[in-house]
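Here the structure comes first, spelled out in C-alpha cells, and everything after it is commentary.
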Amino acid sequence: MTGSDGGDASPPAGPDVDADPFSTLGNETRLRIVDALYEQTVADRSRDGCSYSRLKEAAGVRDNGNFNYHLDVLRDRFVEKTDAGYQLGFAGFEIAKSLRADAWQDHEPREPVEIEASSPLVDGRPLYASYEGSLVGVHAADEEPVFRIAVRPTGAAYRDLHDLADVMAAQLETAIEQAQRGVCPYCHAPPERSVERSSDDEPRHRFVADCPECGPLFAVPVGAAVARHPAVVSFYWERGVDVRERRLWNLDVYGDRAVEAHGERTRLRIERGRAALTLVLDDEGQVVDSTIEDAQVAQRRQ
C-alpha cells in the first residue's frame, strides 16, 4: 500500500522459504498450461473447468505423454481436477494473474485533478487525486499523498480520477478494517498495529500496520482507524448524516486539533453541532472508551 519511508530494512524473520514452487513453474510448458487454463476458465467465465482436450490444444502441446507429465506436476499445488476437467487452484490463479503482461504494466501518469473543494483531511484545503506507477493518491496541491494505494492499470483504464479516488477509498477502508480485525489484507497473517506519534512541532498521529510476512501495509492519519467505528457511525447517524454516503476524507476525524496524546493512549474528538464525541484509543489503535457530551464542555476540558 503506502509502504515505509525507505531505508535499508532487512526482511522480516520467518519460516524458511520453500523454493519448490519456483522450480515447479520453471518450465515453459507448465507456464503455458497455467496461462491457457486461466484463459479458458477465467477469462471465458467458465465455472465448470476446462476439458483435457481443450486445455491441451490451448496450451499448444501435441505429445500426450509430455502434456500429461507437466499437468501432473502442476496438480494439487496449482491445478485442480474437476468433474468437467481442470481448473486453477488459488495459487494457480495468483500466478496466472501475475503472468499477464498487462496486469501491472505502466500507464501514463495522470495529472492531479481536484476532487474536493475543501476536505478535513488536508485542513480544509482543496483535495486532489493523482495516478502514477499504479498508485492512486489523494493529497493537497503540490504535497505528498495522505492516502495512497495500488489500483491495477487494467481497472484504472475504465475510470477517471474521481472514480479512481472512490475505488482507492473503498480499498483502503477494507484494508484498515481487516487490519483492525487482526488480518493482513494480502496474506491474512496477523499484522502488528500501533499509533505512531511524531515528535515534530506539528505532530501527526498515524495509525500504522505492518505484516510480519508482507512488511509495511499502511500508515494513515489516526482518524482513519475510527472512521467506520460503530460509535462514530451512530454519532453521525443520530445527527442526520449517513457516513456510508461520505467519502473517507470528508469526515471530521482528521487534523491535529482533533487528536491529542492522552497518557499512554490517544484521544480523538469529533464535534457535530452542539455535541462532541470523544474516543480513546489504545496503543494498537483500538477504541477502548467513547463518550458524548456538550461540545463547549469538551472544549473547556481540553
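The values are calculated or read from the model by the stated rules, or taken from the named source; none is laboratory data. Everything numeric in this text was worked out from a predicted model, so none of it was measured. Virtual Cβ from ideal backbone geometry, glycine too; neighbours counted across all protein chains shown. For the accessible areas, the whole protein counts, side chains as well, though only heavy atoms, and no ligand, DNA or RNA atoms are used. Shrake-Rupley method; radii C 1.70, N 1.55, O 1.52, S 1.80 Å.
Overview of values
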| quantity | calculated |
| --- | --- |
| Evaluation of residue 89 against (1) over 27 Å from the mean Cα position of the chain (by Cα); (2) modelled with pLDDT under 90 (one fails), failing number | (1) |
| Residue within the stretch 96-104 that is within 30 Å of residue 81 (Cα to Cα) and buried (at least 20 other Cβ atoms within 10 Å of the Cβ) present | yes |
| Number of the exception - residue 261 against (1) modelled with pLDDT under 90; (2) hydrophobic (A, V, I, L, M, F, W, C); (3) crowded, with 17+ Cβ neighbours inside 10 Å | (3) |
| Test for residue 256: is it among the acidic types (Asp, Glu), in contact with a Pro (Cβ under 7 Å, 6 or more places away or on another chain) and at pLDDT 90 or above | no |
| Residues of the stretch 174-217 that turn out to be modelled with pLDDT under 85 and in contact with a Lys or Arg (Cβ under 7 Å, 6 or more places away or on another chain), as a count | 3 |
| Any hit, the stretch 61-84, residues being in contact with a Cys (Cβ under 7 Å, 6 or more places away or on another chain), open to solvent by less than 90 Å² (accessible area, probe 1.4 Å) and not aromatic (Phe, Trp, Tyr) | no |
| Residue among 152, 197, 244, 159 that alone is surrounded by fewer than 20 Cβ atoms within 10 Å (Cβ to Cβ), farther than 25 Å from residue 115 by Cα and of a type in the set (Lys, Arg) | 197 |
| The lone exception for residue 284 - which of (1) closer than 30 Å to residue 114 by Cα; (2) under 26 Å from the mean Cα position of the chain (by Cα) it fails | (1) |
| Candidates 220, 288, filtered to the one that is part of a strand (DSSP E or B) and within 14 Å of residue 121 (Cβ to Cβ) | 220 |
| Exclusive hit being of a type in the set (Asp, Glu), more than 25 Å from residue 208 (Cα to Cα) and in a loop (DSSP other than H, G, I, E, B), set 108, 114, 143 | 108 |
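Matching residues to (1) in a loop (DSSP other than H, G, I, E, B); (2) modelled with pLDDT of 90 or more:
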{"residue": "231", "(1), (2)": "no, yes"}
{"residue": "240", "(1), (2)": "yes, yes"}
{"residue": "244", "(1), (2)": "no, no"}
{"residue": "252", "(1), (2)": "yes, no"}
{"residue": "276", "(1), (2)": "no, no"}
